[in-house]
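A short worksheet on the structure shown next.
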Amino acid sequence: MANARDIQLDTLRAVAVTLVLYAHFLAPGGSSFLGHLGVRLFFVLSGFLITRLLLDARDAGQFEAGPALRSFYARRVIRIFPPYFAVLGLVWLTDLEQSRSSLAWHALYLSNFWYALRNDWNPWLLCHFWSLSIEEQFYLAWPLIVLLAPRKRIEAITIGVIAFSLAYRFYWPIAADPALARDLLPPASMDALGCGALLAARRARGAELPRWLRLGWPALAAIFLLVVWSDPGPADSTWEWPRWLLVQVLPLAPLAAMVAACSTGLGGRLGRLAELPPLLFLGRISYGVYLYHPILLAYAVKAQPWIPLNVSEQGPGRFLVAGAATLIVASLSWVLFEKPLNGLKRYFPYVARGRTPTPGEARRFGATYPGAKAALGLQPTDPS
């Protein structure tokens with residue numbers, strides 16, 4: 001049974017994907033900092049959950065790096081590939097928005113490089129794949145570090161990753177080049193992924209949030225909102241680059257604090273709100289919602305002559321029609337397609353079968369002792 005910490009993390013997924021839907025369907029001008037914030041929240045969650053489950057596996061009594069790595073990659077394939085390649089297959093069959101020419105890049109999870117090299121967002125209906133590519137690139141490299149590097153060095157490595165990502169950002173003001181590569185190459189997202197990973201690494205040794213973060217994140221969130229709402233000024237203004245840097249960096253601490261709070265379980269009214277069934281279900285289907293929503297928007301726009309509401313432009317009509325279609329398709333995909341396939345994960349445990357977990361291992365894996373869930377490698381929450 002999933003415990004409170006994992007239930008509330010599902011709600012954070014729901015919040016993140018709602019921010020993205022708002023940005024792509026409703027926000028004036030077709031873009032919004034809220035969509036960017038939703039993606040960054042997804043990255044912090046992924047960094048935290050992936051690192052937590054890998055460290056839990058590493059701390060298990062029968063841990064072996066080779067089987068754990070094979071199981072990790074097999075479980076990622078089971079969770080991520082089927083709906084992803086189903087979408088690519090549909091786009092290929094219909095050549096939706098003339099997207100066939102780029103499909104090889106998307107199939108190799110190089111979408112971020114495709115858009116960065118072209119410095120252009122075409123084909124637009126697959127542009128959200130850039131963040132899925134970032135996550136897949138993270139999944140390829142990070143488990144090798146967490147499972148093979150010296151255990152006591154994991155936190156230091158994570159801090160180094162965050163520092164490298166932050167340093168990477170300072171190249172762009174020097175180059176004075178606002179190309180898409182600035183935001184789409186992997187180092188641009190390693191700070192958010194790294195913050196989640198650092199939170200998991202500290203949690204694994206029993207450390208709480210630093211005092212400055214517990215007390216200071218509301219102030220950082222307030223400064224972030226003031227910066228976002230400030231006038232960016234004309235291009236090449238003195239404020240343009242500092243504003244961009246602050247918008248990227250300031251949300252990291254509040255987002256990490258949110259993940260930390262929900263991972264231990266919020267109490268009171270806020271906790272009850274975070275465990276409302278509709279939010280939990282939206283969190284569970286959030287991968288499908290994120291994956292399908294621009295594809296369904298493209299079909300809705302093509303069907304505009306038969307739709308009484310305006311779906312061709314940002315606004316309530318688009319949000320209602322494309323949003324409802326997205327939720328319906330993602331729900332069906334989860335119930336009929338993704339959830340049954342997820343059952344195959346039981347064949348790929350992180351640690352060897354054949355023993356009952358200790359009480360400590362059972363708590364770490366979210367199992368109910370003396371059940372066998374931890375020994376079988378079944379995690380209470382899928383981290384994708």
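Since every read-out is calculated from the coordinates, none of them should be taken as a lab result. Keep in mind that this is a model prediction, so the values were computed, not measured. In this analysis, Cβ positions are derived from the backbone assuming ideal geometry, glycine residues included, and neighbour counts consider all displayed protein chains.
Numbers at a glance
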quantity: Packing rank of 57-65, 187-195, where each peptide gets the mean count of other beta carbons within 10 Å, highest leading; calculated: 187-195, 57-65
quantity: Positive-pole candidate from Gln98, Ser133, Leu198, dipole of the stretch 89-214, charges at beta carbon; calculated: Leu198
quantity: Compactness of the stretch 4-365, expressed as Rg and Dmax over alpha-carbon positions, Å; calculated: 20.7, 65
quantity: Reduced Cα scattering model of the stretch 114-252, Debye log10 I(q)/I(0), q = 0.09 Å⁻¹; calculated: -0.34
quantity: In Å, descending, principal axis extents of the Cα set of the stretch 266-340; calculated: 48, 31, 15
quantity: Cα-centre dipole for the chain with unit charges at Cβ (Lys and Arg positive, Asp and Glu negative), debye to 20; calculated: 1500
quantity: Choice from Phe170, Phe348, Phe72 showing the highest fluctuation, given a GNM over the chain with Cα pairs closer than 10 Å; calculated: Phe170
quantity: All-pairs alpha carbon distance profile, the stretch 285-325, 10 Å steps from 0, percent; calculated: 32, 55, 13
quantity: Size of electric dipole in the stretch 1-148: Cβ of Lys, Arg +1 and of Asp, Glu -1, about Cα centre, debye, nearest 20; calculated: 140
quantity: Prolate/oblate/rounded label for the stretch 224-356 (Cα gyration tensor, a/c 1.5); calculated: oblate
quantity: Local electrostatic count, Leu199, Cβ distance below 11 Å [Lys/Arg +1, Asp/Glu -1]; calculated: +1
quantity: Spin-label model distance (nm) - Ala156 vs Ala65, 7 Å beyond Cα toward Cβ; calculated: 1.7
quantity: On Cα atoms only, tilt of 33-59 relative to the major axis of the chain in degrees; calculated: 20
quantity: GNM flexibility winner over the chain from Leu26, Leu166, Leu117 (Cα, springs under 10 Å); calculated: Leu117
quantity: Integer Hz, Karplus 6.51/-1.76/1.60 couplings in order for the stretch 281-291, x for Gly and Pro; calculated: 5, 4, x, 5, 9, 4, 4, x, 4, 5, 5
quantity: Rounded tilt (10° steps) of 129-148 against the dominant C-alpha axis of the chain; calculated: 20
quantity: For the stretch 60-192, alpha-carbon Rg relative to the globular expectation (2.2 N^0.38 Å, N residues); calculated: 1.24
quantity: Percentage, to the nearest whole number, of Cα pairs in the stretch 4-60 over 15 Å apart; calculated: 55
quantity: The chain: calculated mean residue ellipticity at 222 nm from DSSP helix runs of at least 4, using -39500 (n - 2.57); calculated: -20500 deg cm²/dmol
quantity: Calculated FRET value between Ile145 and Asp231, using beta carbons and R₀ = 41 Å, to 0.05; calculated: 0.45
quantity: C-alpha long axis of helix 211-229 to longest principal axis of the chain, angle in °; calculated: 10
